[in-house]
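Below you'll find the structure, written out as structure tokens, and then a few comments.
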Amino acid sequence: MRLFFALWPDCDVTRQITDTAHQLNLEGRRVDPKNYHVTLAFVGEVPATKLAVLQQIGRSVRAPQFTFECDSIEFWREPQVVVAAARTAPPGLVALWTTLNEAIGLPRERLRAHVTLARKVTQAPVPQAMSPVVWRATNFSLICSDTGGVESAYTVLDTWSLLDKTENH
Ligand code: 2AM
């Protein structure tokens, strides 16, 4: 199984990012809006027996909700993608990202939260400002990716809530 932890957008955020993508004259292969996400921790190919361990990691996370903004259209030449990226990462996003990557034993890479809008892009799109998309993260998910088709098919295996600090516990 090819697995990763991700933030999955709600309908409103998906619509706003879709609108942004439509305004760009993108070549390459556009990502279907139903597949928009922010990867938090990429686990990769693992045997199905590892699933329970990853679900336990997801269950054990105690991290607060946070808000961040996708506010920058960027062309990343080497992976050949155009992304809607977050120029800054709030502490809540850094905390969740760090917790998950440490739990699965990944080295600390630079966090660059982003939604991939198009793949196999070889020409930079005309530079364009982006109206910031405000994304309230209230949960995160474990996703299974099937890369067999033209475009990856994603299945949400499990979703866990982030802590709402306004709630009385
Ligand atoms: P992306 O987030 O930049 O689009 C599922 O494949 C998701 O994990 C994709 O969204 C993809 O990139 C990301 N991903 C794929 N391979 C990766 C890798 N080797 N390291 C980190 N992230 C990866």
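The values are calculated or read from the model by the stated rules, or taken from the named source; none is laboratory data. Since we're looking at a predicted model, the values are computed, not measured. Because the Cβ atoms are built from the backbone with ideal geometry, glycine has one as well, and the counts that use them run over all protein chains shown.
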Residues of region 92-115 satisfying the condition of being of a type in the set (Val, Ile, Thr) and touching a residue at least 60 places away in the same chain (Cβ under 8 Å): Ile104, Val115
Which one of the conditions (1) within 14 Å of Val82 (Cα to Cα); (2) of a type in the set (D, E, K, R); (3) within 16 Å of the ligand (Cβ to nearest atom) does Glu27 fail to meet, given that it meets all the rest? (3)
Checklist (1) over 13 Å from the mean Cα position of the chain (by Cα); (2) more than 16 Å from the ligand (Cβ to nearest atom) applied to Pro79, failing item: (2)
Gln23 passes all but one of (1) at pLDDT below 95; (2) of a type outside the set (Asp, Glu); (3) surrounded by 14 or more Cβ atoms within 10 Å (Cβ to Cβ); which number fails? (3)
Considering residues that are closer than 18 Å to Leu3 by Cβ and among the charged types (D, E, K, R), the number found within region 97-133 is 2
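Just to check your reading of the model, which residue among Ala89, Ala118 is within 15 Å of the ligand (Cβ to nearest atom), in contact (Cβ under 8 Å) with a residue 12 or more places away in the chain and more than 27 Å from Ser161 (Cβ to Cβ)? Even if it seems obvious, please write down each step before you answer.
Values: Ala89 fails: more than 27 Å from Ser161 (Cβ to Cβ).
Matching residue, one of Ala89, Ala118: Ala118.
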